Each structure stands twice: as C-alpha cells, then as structure tokens.
1. Only loop residues by DSSP count here, and only those with at most 12 other Cβ atoms within 10 Å; note down the GluC sites (Glu not before Pro) in the range 147-225 that meet that.
2. From the helices alone, meaning DSSP H stretches of at least four residues, give me the mean residue ellipticity at 222 nm for the chain, per-run term -39500 (n - 2.57), in deg cm²/dmol to the nearest 500.
3. Taking the alpha-carbon centroid of each part, what is the distance from the range 155-210 to the range 241-313 in angstrom?
4. Amide H to amide H under 5 Å from residue 105: which residues, 5+ apart in sequence or cross-chain, H placed 1.01 Å off N in plane?
5. Over the Cα atoms of the chain, what radius of gyration and what Dmax do you get, in Å?
6. Return the Cα extents of the range 194-325 along principal axes one, two and three, sorted largest first, each rounded to a whole Å.
7. Take peptides 111-123, 133-145 and line them up by average Cβ neighbours within 10 Å, highest first, as a rough protection proxy.
8. Using amide H atoms built in the peptide plane, which far-off residues or other-chain residues are under 5 Å from residue 157 H to H?
Amino acid sequence: MTTLADYLNQHATNPALNDVITTVTDVGKTISQLLRKGALADILGEAGNQNVQGEDQKKLDVLANDLLLDALAKNAHCAGVASEELDDATPANDDGSLLVLFDPLDGSSNIDINMAVGTIFSVLPYERQGQTSENSDYLQAGNKQLSAGYLLYGTSTVLALTIADKVVMFSLDPETSDYVLIEDNVQIDADTSEYAINSSNYRYWRAPMQQYIDELIAGETGLRGRDFNTRWVAAMVGDVHRILCRGGLFTYPFDTKYAHKAGKLRLMYEANPMSLLIERAGGGATDAINRILDIEPTDIHQRVPVVLGSKNEVNYVKELHVNYSK
Ligand code: AFP
C-alpha cells in the first residue's frame, strides 16, 4: 500500500510543492467529513450572499473556502491564494515560492441534493519572492502549472493529482484517514462514445457545436455511424473523473446565453487544472480550437469555453470549428 505521503516522498523534486499539496489534501479530509454529516452538521443551504461570479453562495462554499484559506495562510511556501469565492487574490507569505488557486466546492448546486461535489486546485510558481503577491502574479498560462488536482467527494473521496508527467489517483480511507494510491498512471482512450454537455443551452451554441451534437444524437443513422451515450453530473469534477476513469468528452461550450460570458467555466481554477490532468493522461483540452493550457490569462476570474477528454473526439470538434469558419 502506497499513501500520498509515500508518493510525495518518492517524488520529492520540490519539497515546497509537496508540502502545499499536503496542506490542500489535509483540508480535503475535513471537507469530506463535513459533507458526510450533511444536513446533520447544519451546513446545507444558502449562505445568504453572492460571490464575485454573482452566484448565490452555499454555506459549504464559504466554509470550504475559509478552511483552505486559513490552512494555506499558515503554509510558509504559499505566497498567495486565489479562489472562485473571493473577488481578489489573498496574499499569504511573501517568501513563499508558490501560488495556489482553487474552486473550493465545484458543483455546489449538487450539495443540497446529496450529489457529487469536489475541490479543484492548481499550483503556479511565484516569481517575486520577498514581495507581497498581487492579482497580476497569477496571470500565467496553464502550461506554467507546477501541479494540479481535484478531490471528488462522491460515494468515496478520491484525489486525482499530477506533480510530474503522470496522473495518479488516491482513495481516502475513512478508517485510517490516509489517501491510498489506487492508480499510478491514468491513461484515457483516444476514442469514446460517451459525451457530457448541458443540452438545454443548444440554441445558444455556435453552429459547429450544434452540428457536432446533432451528429452524436443521430448516432448510427448519421455521419458518425455509431450510437453515443450522454452523462451530465453538473459538477465538472464528476464529469472529468468519469473521463479519467473510462474516457469520454466533456464540453461547456461558448454560448450566447449571457453576453459577457465566453462560457460558464473559469480558466484559472477550473479549466487549467483539469486540462493539465487530461493532457497528462493522454487526452486533449481546447476552447474548441485553441489549447487551453496556452491561453494567456488577463483576469483571475475569466471564463473560457471548454472541450476536453478523449483526444480524437476533441480533435474532431476542432476540425468542425476550423472548417466551419473557412
Ligand atoms: P456550481 O458550482 O454553481 O454548481 O456550477 C458547477 C459548474 O461550474 C461546473 O462544475 C459544471 O460542469 C457546470 O457548472 C454545470 O453548469 P449547469 O448548471 O449550467 O449545467
């Protein structure tokens, strides 16, 4: 049996990074316990305010955010934190070498119906050690990430993590409170017959995305010559985990539903960490055309259309979009 601590020690290329990952995953144990108690812990329901995204915050959104913030503020290697739930990044330790970004509770609309939710995290290098970190320090492309991962609070609590070239998975043992290694090199099939999209937005999509989904629905009677299946967890962490486990395509595409939003998902603490995991597991991740990890950010809360998963399917979506614009 290999625990997370064993794995990090075996890959101790950056002790500061290992320490920060340990801090984040330790908080994950607390969030997992709170979710297990659910309504009995008086933590369900609305917190009564909105976040920077203009979304109603759940009590657990705020609680998870505060737990991560407090723990990372005490970690000497953490120079600052950016969170989906906070307008601006929060400086931590000026001499730290790392910046941590997270969505503390992704899929929080699932909390009150006892469905899967997760924590997504991303670690970037901090280049101005000795000075107080600012929002602009986080504006680095996703290909600069030193690590990324998520905790999925499902029927069991699973940690997916990449700190080097591979993606590994751990399961939280509720008896010992250890993360135990269950997969040491996650790989995604290049082809799939399963896709995840919120189809109620069909009329807001661009024409090539409408064409793509029309073809999948036509199945063996259409161009693709085979039937497809859909799944939609309504928590990106759940859909991405399924893809890492058995392949598939996930997309929250560009839509015109809200004029000022390029899509719903945020680049820095949702799309970038998930794209790093997917690419290192052999999949693809684009905004329909461009590689997500190459996008140069302009704002810590900017949104981006997302198409990720089985490589050949992601490439097919790109072909449709490129050929459509010719
Ligand atoms: P919440 O955290 O507000 O529940 O949103 C989750 C999410 O950002 C992402 O995890 C899901 O894939 C997506 O939104 C679901 O969006 P829809 O509710 O529009 O299906």
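1. Listed in order of number, the matching sites are 175.
2. The helix-only estimate for the chain comes to -9000 deg cm²/dmol at 222 nm.
3. Computed from Cα coordinates, the inter-centre distance equals 13 Å.
4. Result for residue 105 returns nothing.
5. 19.2, 63
6. Cα spread of the range 194-325 along its principal axes, largest to smallest: 44, 33, 27 Å.
7. Descending mean neighbour count gives 111-123, 133-145.
8. It is 172, by chain and number.
Bear in mind that the values in this text are calculations on the coordinates, not laboratory data. Keep in mind it's a predicted model, so treat the numbers as computed, not measured. Quick reminder, even Gly has a Cβ in these numbers, built from the backbone with ideal geometry, and neighbours come from all protein chains shown.
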